[in-house]
Amino acid sequence: MVDDVFLNGAAAKAPPETAKPAEVPQKVAAMPPMSIPRVAPSNDSVNAPIAMFSRHNGGWTVVFSIADPTLGISWRMGDAGEFRETGFIDTLDPRTRKRMPNPSIELAADAPAATIQVRYVDASGELQGPFPIKFDPEAALIRDQRKILDMTATSWLSFREFNGLLVYYSHLMSYRCAIREARIGIDTAVPDKVLKMPPCDPRDPSVIPHEAQPYLKLAPSTQFVSVELTYRDGSISEIKSFRR
């Protein structure tokens, strides 16, 4: 071939293309249709109220905490009976521009374990609830006193000089219902002596019996005391040291 001219006749025909076998369509396995059950939202997803229980000499104070702006709160013990309004306090809620509903109620000291049903009226006037809140007096007492001990750890012990050197642990004795065992160490960072405590009295838990002795006599040369608590749930506190 010279300059695209074939000298020996026409160009040979290109061999015909071999026919490709037809492609077999791929089959895709399909899962059979399934019906996914719809799960009702939990109370947490709708901002269900929670409650804080505090024990005092006269009984229980229950404080409800509600995330939504509220126009009114009502409650009852158990699943039957009339709901009671909590009333209002002399404080304006900037979210509703109205008086704030009273978030607390009082229960008797001997109130049994039960479920408190709480409901509230939201800012649009819709009634929400009722929401169940479990009340367990024994668990609530332990939780409340444990919380106080955690917040007042610097007050667990105190020194006093009266006919010698004394270390008082009356603060621990007042909240003994949350304590399984208390240990003290004198001039050592390792608490190795068990403090004597009267048993918990759920009817009047913070009162120290008159026969109890909430102090120890120490040598005049004592420089510091360490203390460690074992709580009712088995957890152990950080060791705290108290210097004169």
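The values are calculated or read from the model by the stated rules, or taken from the named source; none is laboratory data. Bear in mind that the values here come from a model prediction, so they are computed numbers and not experimental data. Cβ atoms come from the backbone with ideal geometry, glycine included; neighbour counts cover every protein chain shown.
Overview of values
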quantity: Of all residues in the stretch 44-96 being among the acidic types (Asp, Glu) and not in a loop (DSSP other than H, G, I, E, B), the one that is surrounded by the most Cβ atoms within 10 Å (Cβ to Cβ); calculated: Asp93
quantity: Residue in the stretch 142-159 that is over 21 Å from the mean Cα position of the chain (by Cα), surrounded by fewer than 16 Cβ atoms within 10 Å (Cβ to Cβ) and not in a helix (DSSP H, G or I) present; calculated: yes
quantity: Tally of residues being crowded, with 17+ Cβ neighbours inside 10 Å and either of a type in the set (S, T, N, Q) or not assigned by TED's automatic domain parsing to the domain that holds Pro49 (or both) across the stretch 108-129; calculated: 2
quantity: Residue in the stretch 150-164 that is farthest from Ser174 (Cα to Cα), counting only those that are of a type in the set (A, V, I, L, M, F, W, C) and out of contact with any His (no Cβ under 7 Å at 6 or more places or on another chain); calculated: Phe162
quantity: Top-ranked residue in the stretch 180-203 [being in a strand (DSSP E or B) and not acidic (Asp, Glu); ranked as farthest from Ser158 (Cα to Cα)]; calculated: Arg180
quantity: Single match in Ile179, Ile142, Ile184, Ile105 (criterion: within 30 Å of Thr91 (Cα to Cα) and either at pLDDT 95 or above or not assigned by TED's automatic domain parsing to the domain that holds Ser54 (or both)); calculated: Ile105
quantity: Among the residues listed as Tyr120, Tyr168, the single one being closer than 16 Å to Pro214 by Cα, out of contact with any His (no Cβ under 6 Å at 6 or more places or on another chain) and among the aromatic types (Phe, Trp, Tyr); calculated: Tyr168
